[in-house]
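Undergrad: Quick one: the structure is below, and I'll ask about it shortly.
The values are calculated or read from the model by the stated rules, or taken from the named source; none is laboratory data. In this text the structure is predicted, and so the values were computed from the model without any measurement. Don't worry about glycine lacking a Cβ; one is built from the backbone with ideal geometry, like all the others, and counts go over all protein chains shown.
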Amino acid sequence: MFIAKLWRVKFGALLMCAASGYAAGVPDDCTQLIVGISPGWDSMRGHLQLFERKSGASWTPVSPAVPVLFGKTGLAWGSGLEGQNETGLRKSERDGRAPAGVFRMGKIYTYDAQLPPGADYPFHQVTAADAWSDDVTSPDYNRFVTIPDPANPPPWFAKQKMRHNDFAYRWLVEIRHNSDPPVPGAGSAIFFHIRRGVDRPTAGCTTMAEPDLVRLITWMRAARRPCYVLLPDSEYEKKWQELHLPPPESRKVEH
């Protein structure tokens, strides 16, 4: 009877984890991995590197690490495939921090009619009617929305519209933080995009030089289920095995 009771407790715990969406790191179906590393939780700078693997095999680097910028106040634990159970500072709306953890990649949003040559990934050409909601009171919080009449937009649209004719937003690659489902106030509109300058951090996105972003876009393939991991270096050293990440010595930074 004791064994049966113990089994029921363990089985119930597994069901709770599954229902909560918790996962033990990078899933098996992810065979393209984007790795972002910061020196510490409060750093706005770091490096990003691309890795690939065959199903069940080890990760292999396919690019050198390139410099990137994170949130102006650093990093905080986000809500993706990993990080929901972590203790410590949590990502919140307008905190100026990039979400740490493991995340699926979403769609590409671009001003252009097509992706760069060689790219093959789901994308949407942004129109004057498109927005991404950061209003915590909205049922569309942290979701892509299209308004019916951009000539007569609602009051909130001016600050949440996606087409600004801003070079930094030419390519927006969705990082699926706080997406399944969105929790009001836990952070919204997290993307890869072009940096504004070498000393211009973000409100929570990850930015880089345009050639590096274009290289990432042309490399990604939806069938390979790409993921993004962002961690401070100390957390990476502690968690790389349990999260199924490349070993720390495989990360090469160009100086």
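Undergrad: Taking the range 61-103 only, how many residues are more than 27 Å from Gly197 (Cβ to Cβ) and without any contact (Cβ under 8 Å) to a residue 60 or more places away in the chain?
TA: Here the count works out to 5.
Undergrad: Return the residue satisfying two criteria in turn: it lies in the range 19-41 and is at pLDDT 95 or above, among the polar types (S, T, N, Q) and outside any loop (DSSP other than H, G, I, E, B), and of such residues it is surrounded by the most Cβ atoms within 10 Å (Cβ to Cβ).
TA: Among those residues, the one meeting the criterion is Ser38.
Undergrad: I've got another one for you. Just give me the residues in the range 64-80 being in a loop (DSSP other than H, G, I, E, B), farther than 17 Å from Trp240 by Cβ and within 19 Å of the chain's Cα centre (by Cα), in sequence order.
TA: Hits for the range 64-80 are Phe70, Lys72, Thr73, Gly78, Ser79.
Undergrad: Are there any pairs with C-beta distances below 8 angstrom linking a residue in the range 165-184 that is more than 23 Å from Leu115 (Cβ to Cβ) to a residue that is exposed (fewer than 14 other Cβ atoms within 10 Å of the Cβ), with the two at least 6 apart or on different chains, and if so which?
TA: Filtered contacts from the range 165-184: Asp180/Gly21; Pro184/Thr137.
Undergrad: Continuing with the same structure: Restricting attention to the range 191-212, which residues are buried (at least 20 other Cβ atoms within 10 Å of the Cβ) and farther than 13 Å from Ile34 by Cβ?
TA: Correct list: His193, Arg195, Pro201, Thr202, Gly204, Cys205, Thr207.
Undergrad: If I filter the range 161-187 down to residues being buried (at least 20 other Cβ atoms within 10 Å of the Cβ) and farther than 22 Å from Val26 by Cα, which single residue comes out as farthest from the chain's Cα centre (by Cα)?
TA: Selected residue: Met162.
Undergrad: So which of Arg251, Arg215, Arg224 is over 18 Å from the mean Cα position of the chain (by Cα), among the charged types (D, E, K, R) and surrounded by 15 or more Cβ atoms within 10 Å (Cβ to Cβ)?
TA: On inspection, the qualifying residue turns out to be Arg251.
Undergrad: A further question on this structure: With in contact with a helix residue (DSSP H, G or I) (Cβ under 8 Å, 6 or more places away or on another chain) and either under 23 Å from Cys227 (Cβ atoms) or of a type in the set (Phe, Trp, Tyr) (or both) as the only criterion, which of Ile108, Ile147 stands out?
TA: One residue alone meets the criteria, Ile108.
Undergrad: In the range 80-112, what residues are in contact with a His (Cβ under 6 Å, 6 or more places away or on another chain) and either among the β-branched types (Val, Ile, Thr) or surrounded by 23 or more Cβ atoms within 10 Å (Cβ to Cβ) (or both)?
TA: Gly80, Pro99, Phe103
Undergrad: Given the conditions (1) touching a Gly at 6+ places or on another chain (Cβ under 6 Å); (2) more than 18 Å from Arg104 (Cβ to Cβ), and given that Gly197 satisfies all but one, which numbered condition is not satisfied?
TA: The single condition Gly197 does not satisfy is (1).
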